[in-house]
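Structure first, then comments.
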Amino acid sequence: MSWANRRSDVSDMAGSRIGLRSRLRMNSQPVTPKPAEAGSAPPAQPASAGFPYQTSNSFGGSCGRLALTNGRVVFPDRISTDRALIIEAGRIAGLAHPADLDTDIEVIDVAGRWITPGLIDIHTHGAVGHTFNEPDRVAWTAITRENLRRGTTGLLATFAPTPDLTDGLAFCREWMRADHAGTQVLGAYLESPYVNVAQKGALDASCVRAADDGSAAALLAFADILRVFMLAPELPGALDLVQALNDAGIVPAAGHSSAHDTHVAAAMQAGLRHVTHLWSAMSTVVREGPWRKPGVLEAALTFDGLTAEIIADNRHLPATLMRLAYKCLGPDRLCAVSDALAGAGLPEGSLYTMGGMTYDVHDGVGMVLDRTSFAGSATLLPQMLPVLLDVVGIPVVEAVRMVTLTPARIIGAAAEIGSLEPGKRADLVVFDDAFAAQHVMLGGKWVSRTGE
Ligand SMILES: [Zn+2]
């Protein structure tokens, strides 16, 4: 735990606003960004009225160059405090000494704040009254804008099993083909209908299907956008489906499952490599006579080759369990996810729906109305950083990795996003000391800031 240290890295904390200024070039050492790869330019982001900087600081395209100075820049393995972060043509170009900046580069002093990669939430259903299960522009715009404002620059639109699942996936495909102002939708995460009813949690039991009933083909037709596909590996037909998912380049995940560790091991042979929200809707050790039978949980905590999620909202899991997962898996195999539903961003007591189910926000978390189960979180991913840091006690570099590079690796997107390493897309967040997002950059353009 390094709460004291991370507050003392930078002495100059003065200033509450980011100021724009130009600097004279102090010597002849140029900033040398990695050459942009052919065809790797980020998609143009549409202008978005109401967001700051769109007119004063439009540095998309090939000529925009920007230096962020006086920040605590969080890399996967360290924090840099004495170098400027250079952004060029929508990409991270690298670090430079502030005295070495060219005269034509725009300089922004971030006044000692944190600079992290944009957060990546691979399991999130919705926010502000809407879910991705609604094939509707208004819903998706509201969800992705709220996420972006908070500091999440990429997400997987996550679907719970509903009767109109393929409509939602078709809408997701269309959405991804166009440019939008909110958080980038990187693909879809399916909490599939192939779950164990005994572990349904908040899912609609009437939508549960058998993996071998032929219904999976209609879902596999969306292999181009599906990134993660969750199922219960102990059910008939599940292993064949895991194999098919693996062959299609989709990450098979275990969840809403009563599997023993032996089922998980067999599924790993077929390609299983991820586990959905630890401790939520999954089996743990049981006794059969004198014999202890480990469940999905123990398999996830001990088997090499699996990655896993925790819902770090400080409601689903007490600190001891989050710490146990972190100690077992480490920050490169364990990621935090919001599993947020429509209640995120709504006040206490708000009712919301997903498919045919109705839930409410109760004590800061989503709940089914009979209080037998949580129903997703009411917390978006950036709001989980203070939990990882202050409740679980994870150092800044590792906590940031658990919401950026690790989820990017899990979904195979780490070559493009997930860290501030040269060549990657310039998706980043300027956070204040309390890790509330102050400014958000997507593809080299400022797109949002909060608190004003
Ligand atoms: Zn979920």
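Nothing in this text is a laboratory measurement; each read-out follows from the coordinates by a stated rule. In this text the structure is predicted, and so the values were computed from the model without any measurement. Positions of Cβ are backbone-derived with ideal geometry, glycine not excepted, and every protein chain shown enters the neighbour counts.
Okay, here's what the table says:
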| item | result |
| --- | --- |
| For the stretch 119-417: relative contact order, % (alpha-carbon pairs under 8 angstrom, 6 or more apart) | 18 percent |
| For the stretch 211-238 and the stretch 75-129, distance of Cα centres in Å | 38 Å |
| Two-decimal Rg to Rh for the stretch 294-418 - Kirkwood Rh, Cα set | 0.99 |
| Estimated translational D of the stretch 330-379 in µm²/s (Stokes, Kirkwood radius over Cα pairs; 10 °C; 1.306 mPa s) | 141 µm²/s |
| Potential extension, T284-D363 segment - 0.36 nm per residue separation minus Cα distance | 25.8 nm |
| Whole-angstrom gap from the stretch 385-420 to the stretch 300-338, using each part's C-alpha centre | 12 Å |
| Residues listed by number, the stretch 131-171, amide nitrogen under 18 Å from L351 label point at 7 Å toward C-beta | 131 |
| Nonlocal amide H pairs with V275, under 5 Å, H built at 1.01 Å | A254, T307, A308, E309 |
| Neighbour-count ranking [beta-carbon atoms within 10 angstrom, fewest first] of R149, R371 | R371, R149 |
| Once the Cα gyration tensor of the stretch 350-420 is diagonalised, semi-axes √(5λ) in Å | 30, 17, 8 |
| Residues S215 and F303, FRET efficiency given R0 of 30 Å [Cβ-Cβ distance, rounded to 0.05] | 0.55 |
| Range of Cα positions in the stretch 119-417 per principal axis (Å), largest first | 54, 45, 44 |
| Stretch gain in nm, segment D100-W291, where the contour uses 0.36 nm per residue and the Cα spacing is subtracted | 62.1 nm |
| Rounded FRET efficiency, nearest 0.05, which uses the C-beta distance separating D204 from L321 and R0 of 25 Å | 0.40 |
| Karplus (6.51, -1.76, 1.60) ³J(HN,Hα), θ = phi - 60°, over the stretch 196-212, in Hz, Gly and Pro reported as x | 8, 4, 5, 10, 5, x, 8, 6, 7, 4, 5, 9, 6, 10, 8, 5, 9 |
| Whole-Hz ³J(HN,Hα) from phi, Karplus 6.51 cos²θ - 1.76 cosθ + 1.60, for the stretch 347-364, glycine and proline x | x, 3, x, 5, 8, 8, 10, 8, x, x, 9, 10, 9, 9, 8, 9, 6, x |
| Residues C172, C328, C335 arranged by fewest to most Cβ contacts within 10 Å | C328, C172, C335 |
| Built amide H within the under 5 Å cut-off of F75, gap 5+ | S80 |
| Within straight-line cross-link reach of K424, aspartates and glutamates at Cα separation under 17 Å, skipping those fewer than 8 residues along the same chain | E37, D77, E88, E416 |
